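Let me begin by presenting the structure, written as structure tokens, before commenting on it.
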Amino acid sequence: GYPAITSVHWPLRFETIHINPLVIADIAHNPHGLAYVQEQIRTAFPDRRKIIITGCAQGRPYQVMMPMIAELGDVIIVTQSKRSGMPVAQLAPYLPPTSYLIPNIQQAVQQAMVLAQPSDIVLILGGIYLTAEVATCYN
């Protein structure tokens, strides 16, 4: 085998970027990666309310991914990466009507923090650009 591979750190793969509330980021940018994250979340936090900050890069299968994300979260906040992010209005039809549509990433993060109870989990699920932009709001 290749023991060195196991020690490689992939940033923003199910990574905790804030505590209280717990904020976890993952750059799941395709249905396969998202299915894996869904499983991880359900196993690790079965009973906690989940607030999801999400968005989608141009060219990704958002028609498949947005319903998967909606299934996982109790509250969905859709935002848009400055770099190749899809407009929130384009994603909205694939999400619950109660979703928040907040194109500005900093405002989306603020909304999540206002809504989050101490026991909640905030999940950031988007491509690498969106996830990195959101993560900087917590640094």
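The values are calculated or read from the model by the stated rules, or taken from the named source; none is laboratory data. Keep in mind that what you see is a predicted model, and the values were worked out from it rather than measured. Every residue, glycine as well, gets a Cβ built from its backbone with ideal geometry; the counts of neighbours run over all protein chains shown. Accessible surface is based on the protein model in full, side chains and every heavy atom, while ligands, DNA and RNA are left aside. Shrake-Rupley method; radii C 1.70, N 1.55, O 1.52, S 1.80 Å.
Numerical summary
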{"quantity": "Protein accessible area in the range 88-139, 1.4 Å probe - carbon and sulfur %", "calculated": "57"}
{"quantity": "Surrounding net charge for Tyr94, when Lys and Arg each add one and Asp and Glu each subtract one, Cβ distance under 14 Å", "calculated": "0"}
{"quantity": "Anisotropy class of the range 1-138 from Cα gyration tensor, a/c 1.5 cut", "calculated": "rounded"}
{"quantity": "Accessible area, probe 1.4 Å, largest first, for residues Glu39, Glu133", "calculated": "Glu39, Glu133"}
{"quantity": "Amide hydrogen neighbours beyond the local backbone of His18, cut-off 5 Å, H modeled", "calculated": "Val23"}
{"quantity": "Gained length - Thr98 relative to Tyr138, 0.36 nm times residue gap less alpha-carbon distance", "calculated": "11.9 nm"}
{"quantity": "Share antiparallel - DSSP beta bridges, the chain, percent rounded to 5", "calculated": "20"}
{"quantity": "Area accessible to solvent at Met113, 1.4 Å probe radius, in Å²", "calculated": "60"}
{"quantity": "Potential lengthening between Arg42 and Ser84 on full extension [0.36 nm per residue; Cα-Cα distance subtracted]", "calculated": "12.2 nm"}
